[in-house]
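Read the structure below first, then the notes.
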Amino acid sequence: MSSIHEAIKKNILILDGAMGTMLQRYNFSEEDFRGERFKDFPHSLKGNNDLLSLTQPQAIKAVHAAYFEAGADIVETNTFSGTTIGMADYHLEDIVYELNYESAKLAREVADEFTAKNPDKPRFVAGSIGPTNRTASMSPDVNDPGYRAVTFDDLRIAYKQQVEALIDGGSDLLLVETIFDTLNAKAALFAIEEVKDERNIDIPIMVSGTITDASGRTLSGQTVEAFLVSVSHIPLLSVGFNCALGADLLKPYLQTLSQNTSFNVSAHPNAGLPNAFGEYDETPAEMQSQIKTYLDDNLVNIIGGCCGTTPEHIKLIADIAKDYKPRVSTATM
(Lines give C-alpha, C1' and ligand atoms only; values in the text may rest on other atoms or scores of the structure.)
Protein backbone atom coordinates (compact mmCIF):
# COMPACT_ATOMS: atom_id res chain seq x y z
CA MET A 1 0.00 0.00 0.00
CA SER A 2 1.16 3.51 -0.79
CA SER A 3 2.31 5.32 2.31
CA ILE A 4 0.50 8.38 3.57
CA HIS A 5 3.77 10.31 3.20
CA GLU A 6 3.61 9.73 -0.56
CA ALA A 7 -0.13 10.42 -0.80
CA ILE A 8 0.07 13.75 1.04
CA LYS A 9 2.63 15.07 -1.46
CA LYS A 10 0.33 14.35 -4.40
CA ASN A 11 -3.04 15.56 -3.16
CA ILE A 12 -4.88 17.41 -0.43
CA LEU A 13 -6.06 14.49 1.70
CA ILE A 14 -9.66 14.28 2.85
CA LEU A 15 -10.39 13.34 6.45
CA ASP A 16 -13.81 12.00 7.40
CA GLY A 17 -16.58 13.87 9.24
CA ALA A 18 -18.34 13.37 12.56
CA MET A 19 -18.91 9.87 13.90
CA GLY A 20 -21.32 11.01 16.64
CA THR A 21 -23.53 12.94 14.23
CA MET A 22 -23.95 9.83 12.10
CA LEU A 23 -24.59 7.52 15.06
CA GLN A 24 -27.34 9.84 16.33
CA ARG A 25 -29.30 8.94 13.20
CA TYR A 26 -29.61 5.37 14.47
CA ASN A 27 -31.33 6.58 17.64
CA PHE A 28 -29.84 3.66 19.59
CA SER A 29 -31.55 2.72 22.86
CA GLU A 30 -29.92 1.62 26.10
CA GLU A 31 -30.49 -1.99 24.97
CA ASP A 32 -28.76 -1.29 21.65
CA PHE A 33 -25.71 0.12 23.41
CA ARG A 34 -25.59 -2.91 25.70
CA GLY A 35 -26.06 -5.58 23.05
CA GLU A 36 -26.11 -9.20 24.18
CA ARG A 37 -22.73 -9.05 25.88
CA PHE A 38 -23.54 -6.23 28.32
CA LYS A 39 -27.27 -6.82 28.76
CA ASP A 40 -26.88 -7.41 32.52
CA PHE A 41 -24.20 -4.78 33.12
CA PRO A 42 -25.09 -2.90 36.36
CA HIS A 43 -24.48 0.64 35.00
CA SER A 44 -26.08 2.68 32.23
CA LEU A 45 -24.16 2.52 28.93
CA LYS A 46 -26.30 4.72 26.69
CA GLY A 47 -24.19 7.46 25.12
CA ASN A 48 -20.96 5.46 25.15
CA ASN A 49 -20.39 5.66 21.40
CA ASP A 50 -17.01 3.91 21.58
CA LEU A 51 -18.74 0.81 22.97
CA LEU A 52 -20.76 0.50 19.75
CA SER A 53 -17.62 -0.88 18.09
CA LEU A 54 -18.29 -4.03 20.14
CA THR A 55 -22.08 -4.04 20.34
CA GLN A 56 -23.10 -2.52 16.97
CA PRO A 57 -20.06 -3.10 14.72
CA GLN A 58 -22.07 -3.05 11.49
CA ALA A 59 -23.22 0.51 12.23
CA ILE A 60 -19.63 1.64 12.77
CA LYS A 61 -18.51 -0.02 9.54
CA ALA A 62 -21.42 1.60 7.68
CA VAL A 63 -20.36 5.07 8.88
CA HIS A 64 -16.75 4.46 7.78
CA ALA A 65 -17.98 3.20 4.40
CA ALA A 66 -20.23 6.24 3.93
CA TYR A 67 -17.28 8.58 4.45
CA PHE A 68 -15.05 6.61 2.08
CA GLU A 69 -17.86 6.67 -0.50
CA ALA A 70 -18.00 10.44 -0.05
CA GLY A 71 -14.33 10.70 -0.99
CA ALA A 72 -12.45 10.49 2.31
CA ASP A 73 -8.87 9.28 2.17
CA ILE A 74 -8.64 8.87 5.96
CA VAL A 75 -11.22 7.68 8.49
CA GLU A 76 -10.83 7.98 12.24
CA THR A 77 -11.35 5.02 14.53
CA ASN A 78 -14.34 5.15 16.85
CA THR A 79 -12.12 5.64 19.92
CA PHE A 80 -12.39 9.30 20.89
CA SER A 81 -12.99 8.38 24.55
CA GLY A 82 -11.08 5.12 24.44
CA THR A 83 -8.85 5.41 27.50
CA THR A 84 -9.26 4.01 30.99
CA ILE A 85 -9.80 7.63 32.09
CA GLY A 86 -12.63 8.18 29.60
CA MET A 87 -14.20 4.76 30.16
CA ALA A 88 -14.20 5.20 33.95
CA ASP A 89 -17.45 7.14 33.56
CA TYR A 90 -19.07 3.90 32.38
CA HIS A 91 -17.11 1.51 34.65
CA LEU A 92 -15.60 -0.12 31.55
CA GLU A 93 -11.88 0.38 32.17
CA ASP A 94 -11.29 -3.38 31.79
CA ILE A 95 -12.25 -3.49 28.10
CA VAL A 96 -10.21 -0.51 26.86
CA TYR A 97 -7.59 -2.53 24.97
CA GLU A 98 -10.27 -4.62 23.24
CA LEU A 99 -12.33 -1.52 22.44
CA ASN A 100 -9.45 0.20 20.65
CA TYR A 101 -8.22 -2.95 18.95
CA GLU A 102 -11.66 -3.84 17.57
CA SER A 103 -12.39 -0.24 16.53
CA ALA A 104 -9.15 -0.08 14.55
CA LYS A 105 -9.85 -3.50 13.05
CA LEU A 106 -13.30 -2.41 11.83
CA ALA A 107 -11.91 0.71 10.18
CA ARG A 108 -9.02 -1.31 8.69
CA GLU A 109 -11.43 -3.81 7.10
CA VAL A 110 -13.46 -1.06 5.43
CA ALA A 111 -10.34 0.84 4.32
CA ASP A 112 -8.88 -2.29 2.76
CA GLU A 113 -12.12 -2.98 0.88
CA PHE A 114 -12.07 0.50 -0.66
CA THR A 115 -8.35 0.37 -1.48
CA ALA A 116 -8.86 -3.00 -3.21
CA LYS A 117 -11.62 -1.49 -5.34
CA ASN A 118 -9.45 1.48 -6.34
CA PRO A 119 -5.73 0.92 -5.67
CA ASP A 120 -4.93 4.37 -7.12
CA LYS A 121 -6.69 5.92 -4.12
CA PRO A 122 -5.30 4.20 -1.02
CA ARG A 123 -7.43 4.59 2.11
CA PHE A 124 -5.95 5.13 5.54
CA VAL A 125 -7.00 4.56 9.16
CA ALA A 126 -6.22 7.20 11.79
CA GLY A 127 -6.30 5.97 15.36
CA SER A 128 -8.33 8.64 17.16
CA ILE A 129 -6.89 9.72 20.52
CA GLY A 130 -9.14 12.20 22.33
CA PRO A 131 -8.23 14.62 25.12
CA THR A 132 -10.00 12.75 27.98
CA ASN A 133 -12.44 14.53 30.27
CA ARG A 134 -9.71 15.74 32.65
CA THR A 135 -7.04 18.42 32.38
CA ALA A 136 -3.49 18.21 33.67
CA SER A 137 -2.88 21.97 33.53
CA MET A 138 -5.84 23.36 35.43
CA SER A 139 -7.76 22.70 38.61
CA PRO A 140 -11.42 21.68 38.37
CA ASP A 141 -11.87 23.14 41.87
CA VAL A 142 -12.11 26.93 41.94
CA ASN A 143 -11.31 26.89 45.67
CA ASP A 144 -8.11 24.89 45.20
CA PRO A 145 -6.11 26.17 42.20
CA GLY A 146 -3.25 23.76 42.88
CA TYR A 147 -5.42 20.64 42.69
CA ARG A 148 -5.26 18.38 39.62
CA ALA A 149 -7.79 15.68 38.78
CA VAL A 150 -5.19 13.79 36.76
CA THR A 151 -1.39 13.57 36.59
CA PHE A 152 0.92 13.43 33.59
CA ASP A 153 1.77 9.83 34.47
CA ASP A 154 -1.91 8.85 34.75
CA LEU A 155 -2.41 10.17 31.24
CA ARG A 156 0.77 8.63 29.85
CA ILE A 157 -0.14 5.16 31.13
CA ALA A 158 -3.71 5.41 29.83
CA TYR A 159 -2.64 6.70 26.44
CA LYS A 160 0.06 4.05 26.07
CA GLN A 161 -2.52 1.28 26.40
CA GLN A 162 -4.73 2.98 23.81
CA VAL A 163 -1.84 3.53 21.39
CA GLU A 164 -0.72 -0.11 21.59
CA ALA A 165 -4.23 -1.34 20.83
CA LEU A 166 -4.77 1.10 17.95
CA ILE A 167 -1.51 0.01 16.33
CA ASP A 168 -2.25 -3.69 16.92
CA GLY A 169 -5.67 -3.24 15.32
CA GLY A 170 -4.20 -1.88 12.11
CA SER A 171 -4.06 1.94 12.30
CA ASP A 172 -1.84 3.58 9.66
CA LEU A 173 -1.38 6.75 11.70
CA LEU A 174 -2.34 8.24 15.06
CA LEU A 175 -4.42 11.40 15.51
CA VAL A 176 -4.06 13.21 18.83
CA GLU A 177 -7.08 15.47 18.49
CA THR A 178 -9.34 18.08 20.04
CA ILE A 179 -6.49 19.21 22.28
CA PHE A 180 -7.70 21.75 24.83
CA ASP A 181 -4.78 21.18 27.21
CA THR A 182 -1.39 20.69 25.59
CA LEU A 183 -0.03 18.94 28.69
CA ASN A 184 -2.55 16.15 28.05
CA ALA A 185 -1.39 16.02 24.44
CA LYS A 186 2.26 15.89 25.50
CA ALA A 187 1.42 12.85 27.64
CA ALA A 188 -0.13 11.20 24.58
CA LEU A 189 2.89 12.08 22.42
CA PHE A 190 5.24 10.78 25.14
CA ALA A 191 3.29 7.51 25.22
CA ILE A 192 3.45 7.21 21.42
CA GLU A 193 7.21 7.75 21.45
CA GLU A 194 7.55 5.10 24.17
CA VAL A 195 5.66 2.56 22.07
CA LYS A 196 7.65 3.47 18.95
CA ASP A 197 10.92 2.94 20.83
CA GLU A 198 9.85 -0.33 22.45
CA ARG A 199 8.60 -1.79 19.17
CA ASN A 200 11.27 -0.19 16.98
CA ILE A 201 8.59 1.15 14.64
CA ASP A 202 7.67 4.50 13.17
CA ILE A 203 4.08 5.63 12.72
CA PRO A 204 2.89 9.00 11.39
CA ILE A 205 1.32 11.34 13.96
CA MET A 206 -1.28 14.04 13.42
CA VAL A 207 -1.80 16.62 16.16
CA SER A 208 -4.95 18.76 16.20
CA GLY A 209 -5.71 21.42 18.80
CA THR A 210 -8.90 23.28 19.62
CA ILE A 211 -9.29 27.05 19.73
CA THR A 212 -12.15 27.41 22.16
CA ASP A 213 -13.34 30.99 21.60
CA ALA A 214 -12.70 34.36 19.97
CA SER A 215 -9.66 34.97 22.17
CA GLY A 216 -7.78 32.65 19.82
CA ARG A 217 -6.51 30.45 22.64
CA THR A 218 -6.87 26.86 23.75
CA LEU A 219 -8.81 26.22 26.95
CA SER A 220 -5.57 26.06 28.92
CA GLY A 221 -4.64 29.52 27.61
CA GLN A 222 -2.17 28.94 24.77
CA THR A 223 -2.08 31.07 21.64
CA VAL A 224 -1.68 29.41 18.24
CA GLU A 225 2.06 30.10 18.25
CA ALA A 226 2.53 28.77 21.80
CA PHE A 227 0.58 25.62 20.98
CA LEU A 228 2.71 25.07 17.88
CA VAL A 229 6.00 25.53 19.73
CA SER A 230 4.94 23.14 22.50
CA VAL A 231 4.26 20.21 20.13
CA SER A 232 6.95 20.81 17.49
CA HIS A 233 9.63 18.75 19.27
CA ILE A 234 8.05 15.61 17.79
CA PRO A 235 8.37 14.90 14.05
CA LEU A 236 4.71 15.20 13.02
CA LEU A 237 2.88 14.29 9.85
CA SER A 238 0.67 17.31 10.44
CA VAL A 239 -0.45 19.90 12.95
CA GLY A 240 -3.84 21.57 12.84
CA PHE A 241 -7.10 22.53 14.49
CA ASN A 242 -10.52 20.96 14.85
CA CYS A 243 -13.83 21.34 16.69
CA ALA A 244 -15.18 24.33 18.70
CA LEU A 245 -15.47 26.67 15.70
CA GLY A 246 -16.90 26.58 12.19
CA ALA A 247 -14.70 26.94 9.12
CA ASP A 248 -15.13 30.72 8.85
CA LEU A 249 -14.18 31.49 12.46
CA LEU A 250 -11.31 29.00 12.42
CA LYS A 251 -9.62 30.49 9.36
CA PRO A 252 -7.52 33.26 10.97
CA TYR A 253 -5.98 30.79 13.42
CA LEU A 254 -5.27 28.38 10.60
CA GLN A 255 -3.54 31.18 8.70
CA THR A 256 -1.27 31.88 11.68
CA LEU A 257 -0.48 28.19 12.01
CA SER A 258 0.21 27.74 8.30
CA GLN A 259 2.57 30.72 8.21
CA ASN A 260 4.60 29.43 11.14
CA THR A 261 5.09 25.71 10.58
CA SER A 262 6.92 23.54 8.09
CA PHE A 263 4.71 20.58 9.07
CA ASN A 264 1.70 19.70 6.94
CA VAL A 265 -1.43 21.50 8.17
CA SER A 266 -4.80 19.88 8.88
CA ALA A 267 -8.24 21.28 9.67
CA HIS A 268 -11.52 19.64 10.51
CA PRO A 269 -13.90 22.37 11.68
CA ASN A 270 -17.48 22.00 12.88
CA ALA A 271 -20.46 22.61 10.63
CA GLY A 272 -20.74 26.13 12.05
CA LEU A 273 -21.63 26.87 15.65
CA PRO A 274 -24.35 24.91 17.48
CA ASN A 275 -27.84 26.39 17.65
CA ALA A 276 -29.94 26.70 20.82
CA PHE A 277 -30.68 22.96 20.68
CA GLY A 278 -27.02 21.97 20.30
CA GLU A 279 -27.51 21.08 16.64
CA TYR A 280 -25.43 22.21 13.67
CA ASP A 281 -27.22 23.99 10.84
CA GLU A 282 -24.46 24.76 8.35
CA THR A 283 -25.25 23.09 5.05
CA PRO A 284 -22.71 21.15 2.97
CA ALA A 285 -22.77 23.91 0.34
CA GLU A 286 -22.15 26.64 2.93
CA MET A 287 -19.24 24.72 4.41
CA GLN A 288 -17.82 23.99 0.96
CA SER A 289 -17.70 27.70 0.10
CA GLN A 290 -15.84 28.46 3.34
CA ILE A 291 -13.37 25.60 2.84
CA LYS A 292 -12.73 26.93 -0.68
CA THR A 293 -11.16 30.02 0.89
CA TYR A 294 -8.72 27.72 2.75
CA LEU A 295 -7.76 26.15 -0.56
CA ASP A 296 -7.53 29.47 -2.39
CA ASP A 297 -5.10 30.70 0.29
CA ASN A 298 -3.00 27.51 0.27
CA LEU A 299 -3.60 26.79 3.97
CA VAL A 300 -4.10 23.01 4.25
CA ASN A 301 -2.78 19.58 3.36
CA ILE A 302 -5.54 17.62 5.13
CA ILE A 303 -9.15 18.80 5.35
CA GLY A 304 -12.25 17.21 6.88
CA GLY A 305 -15.11 17.89 9.28
CA CYS A 306 -15.87 17.66 12.99
CA CYS A 307 -19.16 18.08 14.91
CA GLY A 308 -22.27 18.27 12.75
CA THR A 309 -20.57 17.19 9.53
CA THR A 310 -21.86 14.28 7.46
CA PRO A 311 -20.85 12.39 4.30
CA GLU A 312 -22.73 15.08 2.36
CA HIS A 313 -20.39 17.74 3.78
CA ILE A 314 -17.30 15.62 3.11
CA LYS A 315 -18.38 14.87 -0.47
CA LEU A 316 -18.62 18.56 -1.37
CA ILE A 317 -15.30 19.27 0.34
CA ALA A 318 -13.66 16.38 -1.54
CA ASP A 319 -15.20 17.54 -4.83
CA ILE A 320 -13.58 20.95 -4.56
CA ALA A 321 -10.26 19.91 -2.96
CA LYS A 322 -9.32 17.76 -5.95
CA ASP A 323 -8.92 20.93 -8.04
CA TYR A 324 -6.15 22.25 -5.77
CA LYS A 325 -2.53 21.38 -5.08
CA PRO A 326 -1.47 20.60 -1.49
CA ARG A 327 -0.10 23.44 0.59
CA VAL A 328 3.64 23.98 0.30
CA SER A 329 5.18 25.59 3.37
CA THR A 330 7.67 28.44 3.32
CA ALA A 331 8.02 28.44 7.11
CA THR A 332 11.18 27.23 8.82
CA MET A 333 9.81 25.99 12.17
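List of remarks:
- Contact annotation: residue pairs with Cβ atoms under 6 Å, 6 or more positions apart or on different chains, pairing a residue in segment 1-28 that is in contact (Cβ under 8 Å) with a residue 60 or more places away in the chain with a partner that is of a type in the set (Phe, Trp, Tyr), are ILE4/PHE124; ILE12/TYR324; ASP16/TYR67.
- For segment 40-53, the condition of being open to solvent by less than 10 Å² (accessible area, probe 1.4 Å) and of a type in the set (Phe, Trp, Tyr) holds for none of the residues.
- LEU52 being in contact (Cβ under 8 Å) with a residue 12 or more places away in the chain and within 28 Å of ARG156 (Cα to Cα): yes
- Boolean, SER137 is part of a loop (DSSP other than H, G, I, E, B), in contact with a Gly (Cβ under 6 Å, 6 or more places away or on another chain) and more than 26 Å from LYS10 (Cβ to Cβ): no
- Residues in segment 250-264 that are part of a helix (DSSP H, G or I), open to solvent by 10 Å² or more (accessible area, probe 1.4 Å) and either closer than 14 Å to LEU236 by Cα or not aromatic (Phe, Trp, Tyr) (or both): 7 in all.
- Residue satisfying condition, being more than 23 Å from LYS160 (Cα to Cα), exposed (fewer than 15 other Cβ atoms within 10 Å of the Cβ) and of a type in the set (Phe, Trp, Tyr), within set TYR26, TYR67: TYR26
- ASP202 being in contact with a strand residue (DSSP E or B) (Cβ under 8 Å, 6 or more places away or on another chain), open to solvent by 10 Å² or more (accessible area, probe 1.4 Å) and not aromatic (Phe, Trp, Tyr): no
- Output for segment 274-310, where each listed residue is part of a strand (DSSP E or B) and in contact with an Asp or Glu (Cβ under 9 Å, 6 or more places away or on another chain): PRO274, ILE302
- Of the criteria (1) part of a loop (DSSP other than H, G, I, E, B); (2) open to solvent by less than 60 Å² (accessible area, probe 1.4 Å); (3) without any contact (Cβ under 8 Å) to a residue 24 or more places away in the chain, which one LYS196 fails: (1)
- One residue stands out among those in segment 1-15 that are open to solvent by 30 Å² or more (accessible area, probe 1.4 Å) and assigned to a loop (DSSP other than H, G, I, E, B): the one that is modelled with the lowest pLDDT, which is MET1.
- Selection of segment 305-333 for residues being out of contact with any Lys or Arg (no Cβ under 7 Å at 6 or more places or on another chain) and of a type in the set (A, V, I, L, M, F, W, C) yields CYS306, CYS307, ILE314, LEU316, ILE317, ALA318, ALA321, VAL328, ALA331, MET333.
- Counted residues, segment 153-186 - those being open to solvent by less than 10 Å² (accessible area, probe 1.4 Å), among the hydrophobic types (A, V, I, L, M, F, W, C), outside any strand (DSSP E or B) and more than 15 Å from ARG199 (Cβ to Cβ): 3
- Among the residues examined, GLY221 qualifies as open to solvent by 10 Å² or more (accessible area, probe 1.4 Å) and either hydrophobic (A, V, I, L, M, F, W, C) or at positive phi (or both).
- Only one of the numbered conditions (1) in contact with a Cys (Cβ under 8 Å, 6 or more places away or on another chain); (2) closer than 24 Å to LYS105 by Cβ is not met by LEU173, and that is (1).
- In segment 166-180, the residues that are farther than 20 Å from GLY246 by Cβ reach residues that are among the aromatic types (Phe, Trp, Tyr) and open to solvent by less than 20 Å² (accessible area, probe 1.4 Å) with C-beta atoms within less than 7 angstrom, at least six apart or across chains, in these pairs: ASP172/PHE124; LEU173/PHE124.
- Residue in segment 200-223 that is aliphatic (A, V, I, L, M) and in a helix (DSSP H, G or I) present: no
The values are calculated or read from the model by the stated rules, or taken from the named source; none is laboratory data. Predicted, not measured: the structure shown is a model, and the values here were computed from it. Every residue, glycine among them, receives a Cβ derived from its backbone with ideal geometry; neighbour counts consider all protein chains shown. Calculation scope for accessible area: heavy atoms of the full protein, side chains included, ligands and nucleic acids excluded. Shrake-Rupley method; radii C 1.70, N 1.55, O 1.52, S 1.80 Å.
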